[in-house]
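The values are calculated or read from the model by the stated rules, or taken from the named source; none is laboratory data. These figures come from a predicted structure and were not determined experimentally. When we count neighbours, we look across all protein chains shown, and the Cβ atoms used for this are built from the backbone with ideal geometry, even at glycine. These area figures cover heavy atoms from the full protein model, side chains too; ligands, DNA and RNA do not enter into them. Shrake-Rupley method; radii C 1.70, N 1.55, O 1.52, S 1.80 Å.
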Amino acid sequence: MIEVKNLVKKYGNHLAVDHLSFQIEAGKIYGFLGPNGAGKSTTMNIMTGYLGATEGEVLIDGHDILKEPEEAKRHIGYLPEQPPLYMDMTVREYLEFAAELKGIGKAKRAEEITEIEKMVRISDVEKRLIKNLSKGYRQRVGLAQAVLGFPEIIILDEPTVGLDPKQIIEIRELIRKLAKKHTVILSSHILAEVREVCDYILIISKGRLVASDTPENLEKMLDDHTTVVIEAQSSPSEMRLILKNIPGIESVETEDAGDYVTWARIREKKGEDVRERIFRAFASAQTPLRTLKTEGTSLEDVFMQLTQTDTLPEAFAEKIQREEAE
Ligand code: ADP
Ligand code: MG
């Protein structure tokens, strides 16, 4: 449905989008996840034809967004980071105006606007000036504008930014409702939001795609090694001695916490569970074990690892290489 191929955007010498390629299929909610400055808005602006690319192409249902903008844009509704609202218009006037711009025939306009106003729950404010609306209402007007014409694809750039928790929940519900009939792409720098709403996540960092998969698979990819964290009343060398003979341990890092207390992070070999062995080994050495817990990998960890370090975790680097080779 959307194909993005080798997209590059340079601002002067600054590479904001760095050879980005991905595909969007119909019927899902996609999340662009990345820290501020990752290149999400730039990418969305290029995908929707608001901005030209330095290199690469974007095809919307087979139509190049630059070469056949009208044909391509017909499939897309867009809510940019700064919604293009006219503060001195009433909600209804603004939507009439936006419908006209989108080429929605006069006959259909009124009925369609009424339907969308109902859907995003702004019917009761349709006669009010946009400048007098709360941020939450304004965002819903922006959303209504994106939905006008019922395009197949709806692209929303940080749709919940600056909203209060109640408004965020309302916008998320609306997005889920929209996704029943439309393909939705939204961006966010908040992991929890993307995990909550999206079926598929594209993680973007420094203009590059560093991972793309379902939230479940992203979590699994780093999950095959579990780390066991222990704390015991011993010196680091005594602890290492006890751990040395336990099968299933790949590596151990110890940290002397002083007062004859040592912490260790124990990486298990794939598929092993060494917790009981550790417990028994410390018991038979008569060394008091004060803490024993596992550290799973959460999507939060994946996100942090992918976007805050320069080196990719092995699993991702391998996956990306495989995909590039295909
Ligand atoms: P995001 O939406 O992920 O926060 P952006 O796409 O807005 O990221 O920005 C990506 C990078 O490009 C940032 O480093 C930003 O400073 C830079 N950038 C964005 N727009 C411009 C512009 N008009 N001129 C110069 N640099 C820009
Ligand atoms: Mg942005």
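What the table below lists for this structure:
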{"quantity": "Cα→Cβ-extended label distance, 7 Å offset, between residue 285 and residue 164, nm", "calculated": "5.6"}
{"quantity": "GluC sites (Glu not before Pro) restricted to the range 32-130 and DSSP loop, no more than 15 other C-beta within 10 Å", "calculated": "81"}
{"quantity": "Cα-based helix-to-principal-axis angle, 314-325 vs the chain, degrees rounded to 10", "calculated": "50"}
{"quantity": "Carbon plus sulfur fraction of accessible area for the range 224-295, probe 1.4 Å, in percent", "calculated": "44"}
{"quantity": "Pairwise Cα inverse-distance average, inverted: Kirkwood Rh of the range 2-213 (Å)", "calculated": "17.5"}
{"quantity": "Amide hydrogen neighbours beyond the local backbone of residue 185, cut-off 5 Å, H modeled", "calculated": "30, 154, 155, 156"}
{"quantity": "Residues residue 304 and residue 237, FRET efficiency given R0 of 41 Å [Cβ-Cβ distance, rounded to 0.05]", "calculated": "0.80"}
{"quantity": "10 Å-binned pair-distance histogram of the range 1-117 (Cα, whole percent)", "calculated": "12, 37, 32, 17, 2"}
{"quantity": "Kirkwood Rh and Cα Rg combined as Rg/Rh, the range 224-295", "calculated": "0.93"}
{"quantity": "Theoretical gain in end-to-end length, residue 108 to residue 259 [0.36 nm per residue, Cα-Cα removed]", "calculated": "46.6 nm"}
{"quantity": "Karplus 3J(HN,Hα) series, Hz, for the range 230-235 with 6.51 cos²θ - 1.76 cosθ + 1.60 (x for Gly, Pro)", "calculated": "10, 9, 9, 8, 6, 8"}
{"quantity": "Fraction of accessible area attributable to carbon and sulfur, the range 2-213 (%, probe 1.4 Å)", "calculated": "50"}
{"quantity": "Order of exposure, largest accessible area first, which applies to 134, 187 with probe 1.4 Å", "calculated": "134, 187"}
{"quantity": "Per residue accessible area of the chain, 1.4 Å probe, in Å²", "calculated": "52"}
{"quantity": "Kirkwood Rh, angstrom, the range 159-229 [1 / mean 1/r, Cα pairs]", "calculated": "14.0"}
{"quantity": "Lys/Arg +1, Asp/Glu -1 at C-beta; the range 224-295 dipole; positive extreme among 237, 260, 274", "calculated": "274"}
{"quantity": "The chain - mean residue ellipticity at 222 nm from DSSP helices (-39,500 (n - 2.57) per run, n ≥ 4, rounded to 500)", "calculated": "-11000 deg cm²/dmol"}
